[in-house]
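Since every read-out is calculated from the coordinates, none of them should be taken as a lab result. Note that the structure is predicted; figures quoted are calculated from it, not measured. Using ideal geometry, Cβ is built from the backbone for each residue, glycine included, and neighbour counts are taken over all protein chains shown.
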Amino acid sequence: MSIEFELTPKMRKVRDMSRMFAETYLRPYALEAEELCGPHPAFIDACKQFGLGSGGMGAASSISGSKEAPAAGAAKETSSNRTMIVAIEELAWGDPAGVLNMPGPGLGGPPVQFTGTPEQRERFLSIFTPDSFKFGAYALTEPDAGSDAKAIQMTCRKDGDHWVLNGNKFYITNGKKAEWTVVFATLDPTLGRAGQRAFVVEKDTPGFTVPKLEKKMGLRASETAWQSFEDCRVPASNLLGGEAHYEAKAKGGFKTAMKTFDATRPLVAAMAVGIARAAYEIARDWVRERYSLSQHTARYRRVQDKLEWMRTEIETARYLCWKAAWLLDLGRENAKESSMSKAYAGKMVDRVTSAAIEVMGPEGVLRERMVEKLYRDQKVYDIFEGTGQIQRLVISRRLFKDAPRSS
Ligand SMILES: Cc1cc2nc3c(=O)[nH]c(=O)nc-3n(C[C@H](O)[C@H](O)[C@H](O)COP(=O)(O)OP(=O)(O)OC[C@H]3O[C@@H](n4cnc5c(N)ncnc54)[C@H](O)[C@@H]3O)c2cc1C
């Protein structure tokens, strides 16, 4: 097994172009976007100008001019997931909410890629053309199910050549503006994992409504919606993978939901790394302005120690993300490493952004200093796509599963 920390020329190109995009079109508009509770017009124009509408890796590769455009989790090219990790860290450095506002299928993309039939992949993914500004979404969480994904209550019932969906989904990113949402429902809640099915619900489907948009502590420029389904009739052709998928694979719906997370948790973790790095750099530059390098006061030494610790924390989380993405690039099992990256980065970003405020004192809480916003934005990184506790449960279960029993 080789260990390689050097970025390939293609990865460096994507990183540099993502950094340029973040510096030019994300960071300068981040505070205004927060007030608008949505993407800034200058950012929307830039996305169209750079042809980022195909989303995900497609967006990163369009920024760099590269032809490589696999979806999250795809193992088409040996560095595609790592390249995406590198790009997302840079973009989140600019504005984490901006990353969630990058056009494309978003979290809805991987399940369509993994489970969709060729016809479904073509139908649902081809709408994301480079010059479009369209979104997809992913709806698993319900009022009483999220961490416990097997407990979803939303029902699906076959009726002729349609399925009828009933229930509610909460906290869905881009859940109002999305052209379609991958929605998880169950034939019968008592069946647990085995009863789950995944559907693509298009936004103008009768019976589908969005009763509420949430107001949040952070990531305010990112849309978080409540979705409601009342006798919502979805064509049978929108059952992801078709009936055959669920006949061939026991728990096919549940596995689709979980496989998505294996691919996307390292990306969420990489966003946390980008946020932490942004806060660290702001604090470091502030220290540079305030302290003369010849100062050897106890206070300066403590600040130096704090910055060193912040940087090491960031680097540790980054390598966990890289390892999880590297396993994915090789097409290998990565559930444990994926959860490790998310669990570590979700807590790390809290510690590091808090330390940045501590270093800067009262200036750290001033809005224009940006660290205050990063501190609010980061809080959700230990919550969405599975809380820290849930990641630790996944890791500990795998530790026992993987360990051979000693005789
Ligand atoms: C901004 C935002 C965007 C989101 N986007 C999406 C999206 O696009 N799609 C989607 O489907 N969902 C989305 N979510 C929902 C999110 O993924 C869930 O809220 C999250 O996974 C927590 O699940 P829950 O709501 O069931 O919380 P709960 O499970 O009720 O969490 C409450 C607390 O209980 C703890 N807990 C729960 N079970 C255990 C256990 N077994 N052991 C120890 N502790 C436990 C949790 O860790 C947490 O601390 C989003 C949430 C937010 C805030």
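Brief remarks follow.
- The distance separating the Cα centre of region 308-329 from that of region 175-244 comes to 33 Å.
- Cα shape, region 138-235, gyration tensor, a/c 1.5 rule: oblate
- For residue 48, a cut-off of 14 angstrom between C-alpha atoms picks up these aspartates and glutamates, skipping any fewer than 8 places away in its own chain: 131.
- GNM flexibility winner over the chain from 206, 39, 362 (Cα, springs under 10 Å): 362
- Peptide packing: for 120-126, 376-382, 321-327, the average count of neighbouring Cβ atoms within 10 Å per residue gives the ranking 321-327, 376-382, 120-126, highest mean first.
- Residue 19 sits among other residues whose Cβ lies under 10 Å from its own Cβ, and their net charge, with Lys and Arg +1 and Asp and Glu -1, is -3.
- Using the Cβ-Cβ distance between residue 42 and residue 188 with R0 set to 60 Å, the FRET efficiency works out to roughly 0.75.
- Protection proxy ranking of 311-318, 21-28, by the mean of other Cβ atoms within 10 Å over each peptide's residues and highest first, is 21-28, 311-318.
- Listed residue (236, 317, 360) projecting farthest to the positive dipole end of the chain, Cβ model: 317
- Rounded to the nearest 20, the Cβ-based charge dipole of the chain about its Cα centre (Lys and Arg +1, Asp and Glu -1) stands at 1000 debye.
- Part-to-part distance (alpha-carbon centres) for region 144-165 and region 338-407, which is given in Å: 31
- Qualifying lysines (Cα of each under 30 Å from Cα of residue 158; at least 8 residues distant if same chain): 134, 150, 169, 176, 177, 203, 212, 249, 251, 255, 259
- Within a Gaussian network of the chain (alpha carbon springs, distance under 10 Å), most fluctuating of 186, 173, 209: 209
- Cleavage-rule hits (GluC sites (Glu not before Pro)) in region 319-388: DSSP loop, at most 15 neighbouring Cβ within 10 angstrom: 333
- Residue exposure proxy: 50, 5, ordered by other Cβ atoms within 10 angstrom of their Cβ from fewest to most, comes out as 5, 50.
- Theoretical FRET efficiency, 1/(1+(r/R0)^6), r = Cβ-Cβ of residue 228 and residue 405, R0 51 Å, to 0.05: 0.60
- DSSP-assigned coil residues among trypsin sites (Lys or Arg not before Pro) in region 186-257, each with at most 10 further Cβ atoms within 10 Å: 215
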